[in-house]
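We did not get these values from a lab; they are worked out from the coordinates using the rules stated. Note that the structure is a prediction, hence the values are computed from the model and not measured. We place every Cβ from the backbone using ideal geometry, glycine too, and count neighbours over all the protein chains shown.
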Amino acid sequence: MRLEKCWFCSSTVYPGHGIQFVRNDAKIFHFCRSKCHKNFKMKRNPRKVKWTKAYRRLHGKDMTQDSTFEFERKRNRPERYDRNLAENTLKAIKKIDKIRSDRASDHIKNRLKTGKVQRQKEARKQLELGIHLVKAPLALAQDSSLCLLKIKVNVSQAQTEENQPMEE
Amino acid sequence: MIQPQTHLNVADNSRARELMCIRVIGASNRRYAHIGDVIVAVIKEAVPNTPLERSEVITAVIISTRKELKRDNGMIIRYDDNAAVVIDQEGNPKGTQIFGAIARELRQLNFTKIVSLAPEVL
């Protein structure tokens with residue numbers, strides 16, 4: 001039993017799933033499901049299809065180089081069964097998997113950081129321009145603290161007397 | 001799913017190029033032949049000036065089909081074309097070389113010579 005990688009989307013193909021296609025030059029293509037198989041028959045290039053791992057790696061959306069990938073290389077020599085080795089390997093697989101997924105999500109978070117600053121800037125600008133949608137103009141005029149823009153309010157003597165009860 | 005009138009490529013060097021299935025060997029009501037079935041075929045195209053020539057009736061065993069081969073462990077294998085290997089009455093191949101990957105099922109069906117000649121066994 002061997003867990004293969006889908007040729008199109010690079011997800012793991014578990015036993016009992018998917019189709020293997022043997023081309024006339026004896027190259028074998030594994031597919032995880034009929035979606036990938038049909039895309040292959042349509043002669044689509046996975047590097048151009050947005051939801052595949054190949055596209056994401058090529059365009060820097062996902063992590064490409066990491067030392068955790070070294071553990072998952074294809075080995076063709078069968079190992080003699082050793083109970084300790086098997087136990088340690090299973091423990092290691094769990095740990096390495098966790099580390100790899102943490103690093104991958106960090107990679108994506110860092111990638112999205114610059115967008116967050118940009119979005120906040122845009123949001124602030126939009127609030128300034130559209131403050132009349134948020135607060136009524138009358139309320140803005142009365143209480144200048146609600147407005148983000150600096151508005152000059154000419155305070156006359158009569159107005160300050162009216163405000164005094166409010167401040168108390 | 002090979003039936004009479006199906007054209008098959010020849011996957012060995014037995015000087016025939018293309019076969020047309022005439023009959024599926026087995027139960028008389030059998031409709032389709034799959035990988036590992038023996039068929040009676042007529043040679044539609046052959047390499048010129050060789051012992052095998054056009055419109056000669058021979059037996060062949062099917063090596064690969066475009067219809068998927070399903071295994072008990074859930075593996076499904078599909079090939080790119082329909083191909084056969086020319087054999088004699090005992091099941092020994094007429095040619096000396098086999099081209100292409102061969103499915104493991106042929107070993108269970110006692111085509112050991114074919115399996116041993118194959119470059120790759122799936």
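Numbers at a glance
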{"read-out": "Likely footprinting exposure, B:122, B:8, fewest C-beta neighbours within 10 Å first", "value": "B:122, B:8"}
{"read-out": "Cβ-Cβ FRET estimate between residue A:133 and residue A:110, R0 fixed at 25 Å, reported to 0.05", "value": "0.15"}
{"read-out": "Length-normalised contact order of the range B:15-60 in % [C-alpha pairs under 8 Å, at least 6 apart]", "value": "41 percent"}
{"read-out": "Selection of GluC sites (Glu not before Pro), the range A:1-100, meeting DSSP coil and at most 14 other Cβ within 10 Å", "value": "A:79"}
{"read-out": "Under DSSP loop assignment and at most 10 Cβ neighbours within 10 Å, longest trypsin sites (Lys or Arg not before Pro)-free interval of chain A", "value": "A:81-149"}
{"read-out": "Summed residue charge, Cβ within 13 Å of residue B:80's Cβ, Lys/Arg positive, Asp/Glu negative", "value": "+3"}
{"read-out": "Dipole-positive endmost among A:88, A:107, A:117 within the range A:83-132 (Cβ charges, Cα centre)", "value": "A:88"}
{"read-out": "Ellipticity estimate at 222 nm from DSSP helix runs (n ≥ 4, -39,500 (n - 2.57)) divided over chain A, nearest 500", "value": "-15500 deg cm²/dmol"}
{"read-out": "Volume in Å³ per residue [convex hull over Cα atoms, computed for chain A]", "value": "250 Å³"}
{"read-out": "Residue of A:106, A:62, A:82 that the Gaussian network model of chain A assigns the largest fluctuation, springs spanning Cα pairs under 10 Å", "value": "A:82"}
{"read-out": "Neighbour cut-off at most 15 other Cβ (10 Å), DSSP loop, GluC sites (Glu not before Pro), the range B:2-55", "value": "B:53"}
{"read-out": "q = 0.24, 0.29 Å⁻¹, the range A:83-132: log10 I(q)/I(0) [Debye, one scatterer per Cα]", "value": "-0.85, -0.96"}
{"read-out": "Over 18 Å (Cα to Cα) - which of A:38/B:67; A:5/A:53; A:5/A:98; A:50/A:121; B:44/B:67; A:61/A:116 fall in this group", "value": "A:5/A:98; A:50/A:121; B:44/B:67"}
{"read-out": "Volume of the Cα convex hull of the protein assembly as shown, divided per residue and given in Å³", "value": "271 Å³"}
{"read-out": "Loop-resident sites, the range A:2-95, for chymotrypsin sites (Phe, Trp or Tyr not before Pro), counting at most 13 other Cβ within 10 Å (DSSP)", "value": "A:51, A:81"}
{"read-out": "Mean shadow area of the range A:1-74, taken as a quarter of the surface of its Cα convex hull (nm²)", "value": "5.8 nm²"}
{"read-out": "Over chain A, relative contact order from alpha-carbon pairs under 8 Å, at least 6 apart, %", "value": "12 percent"}
{"read-out": "Largest to smallest principal axis extent of the C-alpha atoms in the range A:54-125, angstrom", "value": "65, 23, 14"}
{"read-out": "Per-selection Kirkwood Rh - the range B:47-99 (Cα, Å, 1 d.p.)", "value": "13.2 Å"}
{"read-out": "Scattering curve values for chain B, log₁₀ I(q)/I(0), Debye with Cα scatterers, q = 0.13, 0.18, 0.20 Å⁻¹", "value": "-0.45, -0.88, -1.10"}
